[in-house]
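Below you'll find the structure, written out as structure tokens, and then a few comments.
Every number in this text was worked out from the coordinates using simple rules, so none of it is lab data. Since the model is a prediction, treat every value here as computed from it, not as a measurement. We place every Cβ from the backbone using ideal geometry, glycine too, and count neighbours over all the protein chains shown.
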Amino acid sequence: MKKIAIIGGGNLGTAIAEGLLKSKFCKASDIIVTKRNTATLNALAQRGVKITSDNNDAVSKSDIIILAVKPYQVSEVLNSFKNALSSKHVLVSVVTGVLIKDIQENSQKKIPVFRAMPNTAIAIQQSMTCLSFTNAAATQISFVNKLFSTLGRVAVIDEKLMDAATVLGACGTAYAMRYIRANIQGGIEIGFDAATASLIAAQTVKGAAELLLEKGSHPEQEIDKVTTPKGCTIAGLNEMEHQGFSSSLIKGIATSYNKIVKG
Ligand SMILES: NC(=O)c1ccc[n+]([C@@H]2O[C@H](COP(=O)([O-])OP(=O)(O)OC[C@H]3O[C@@H](n4cnc5c(N)ncnc54)[C@H](OP(=O)(O)O)[C@@H]3O)[C@@H](O)[C@H]2O)c1
């Protein structure tokens with residue numbers, strides 16, 4: 001089994017480690033997690049994951065390196081372990097906005113580099129992860145794909161779509177949360193207590209998403225099944241559209257994208 005070093009055991013890094021443990025993708029002893037202040041990683045250490053603040057040591061003992069630090073830390077952190085990098089390594093960066101070519105330049109080694117854009121549902125193995133890569137062999141692509149597939153769904157994309165993937169896949173979690181919250185507020189207004197409204201709203205959205213994922217149908221096909229002529233669903237839906245529902249979502253997505261691309 002390949003050894004996996006997670007460099008940067010923060011929110012995302014620990015969520016990936018937890019997901020790998022939960023899915024039994026690898027043994028705890030095959031994972032090494034690093035950060036400068038290792039005290040916050042005690043829970044992982046107790047489960048058998050190796051913890052260290054020595055990036056160089058972690059990299060030299062691993063095959064797959066998952067880089068999960070903040071974008072402004074990338075250059076310094078790559079510098080801290082570049083001497084330990086060799087041809088056996090595969091580097092996977094989950095860092096937002098840092099290009100594969102910049103990671104290659106900083107690492108100064110011709111190793112396969114992957115970029116992955118997961119979302120916070122990775123902690124419960126329900127992430128949507130977009131992947132792109134360069135220089136990788138078929139076995140390495142298959143391994144990294146399998147790793148993220150144990151943590152949710154995977155789409156292989158062109159790197160030029162990574163900013164779009166950040167918006168739709170990672171910011172998308174926040175958009176969905178706001179949609180669910182609005183449903184809860186509406187649910188309370190029509191008579192439910194907050195806890196019941198939250199359960200109904202979240203499970204209904206989960207069920208709707210599962211219908212699309214499992215059946216591969218188009219949203220409008222599923223909407224047609226719910227909308228009786230002259231009924232309450234179509235009346236509510238049309239009112240939402242008159243108020244700019246779809247348009248506001250599309251404009252929000254485009255605004256997030258422009259913020260990434262134009263700053
Ligand atoms: N959260 C998301 O939904 C999400 C989704 C997709 C991508 N991302 C990207 O993933 C990256 C990590 O995000 P995050 O939310 O997990 O950030 P975070 O919680 O701040 O984690 C970064 C970790 O890096 C550690 N670190 C800093 N310098 C280090 C060094 N020299 N050696 C080893 N570890 C070091 C920090 O711990 P110490 O200070 O103790 O060293 C910190 O725990 C970001 O680039 C983000 O853009 C996040």
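A compact table of results
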{"quantity": "Partners for Lys259 among lysines (Cα-Cα distance below 19 Å; same-chain residues under 8 apart left out)", "calculated": "Lys70, Lys160, Lys251"}
{"quantity": "Quotient of C-alpha Rg and 2.2 N^0.38 Å, computed over segment 104-153", "calculated": "1.25"}
{"quantity": "Backbone HN-Hα couplings from phi across segment 139-144 [Karplus 6.51/-1.76/1.60, Hz, Gly and Pro as x]", "calculated": "5, 6, 4, 5, 5, 5"}
{"quantity": "Residues whose placed amide H lies under 5 Å from that of Val156, excluding near-sequence neighbours", "calculated": "Leu131"}
{"quantity": "Inverse mean reciprocal Cα-Cα distance (Kirkwood Rh) of segment 121-212, Å", "calculated": "15.3 Å"}
{"quantity": "Within straight-line cross-link reach of Lys3, lysines at Cα separation under 19 Å, skipping those fewer than 8 residues along the same chain", "calculated": "Lys22, Lys24, Lys27, Lys35, Lys50, Lys61, Lys82, Lys88, Lys146"}
{"quantity": "For q = 0.12, 0.23, 0.25 Å⁻¹, Debye-computed log10 I/I(0) when each Cα of segment 167-231 counts as one equal scatterer", "calculated": "-0.39, -1.08, -1.10"}
{"quantity": "Full-extension gain in nm, Tyr179 to Ser247, via 0.36 nm per residue minus C-alpha separation", "calculated": "23.1 nm"}
{"quantity": "Cα pair distances in the chain, grouped into 10 Å bins until the bin that holds the longest one, percent each", "calculated": "6, 26, 30, 20, 12, 5, 1"}
{"quantity": "Percent of beta bridges antiparallel (DSSP, the chain, rounded to nearest 5)", "calculated": "20 percent"}
{"quantity": "q = 0.11, 0.12, 0.13, 0.16 Å⁻¹, segment 6-159: log10 I(q)/I(0) [Debye, one scatterer per Cα]", "calculated": "-0.36, -0.44, -0.52, -0.82"}
{"quantity": "Length added when fully stretched, Gln108-Thr96, from 0.36 nm per residue minus Cα-Cα", "calculated": "2.3 nm"}
{"quantity": "Helix-derived mean residue ellipticity, 222 nm - over the chain, DSSP H n ≥ 4, -39500 (n - 2.57), to 500", "calculated": "-15500 deg cm²/dmol"}
{"quantity": "Cα lying deepest toward the dipole's positive end in the chain, options Ile200, Met240, Val92, charges on Cβ", "calculated": "Val92"}
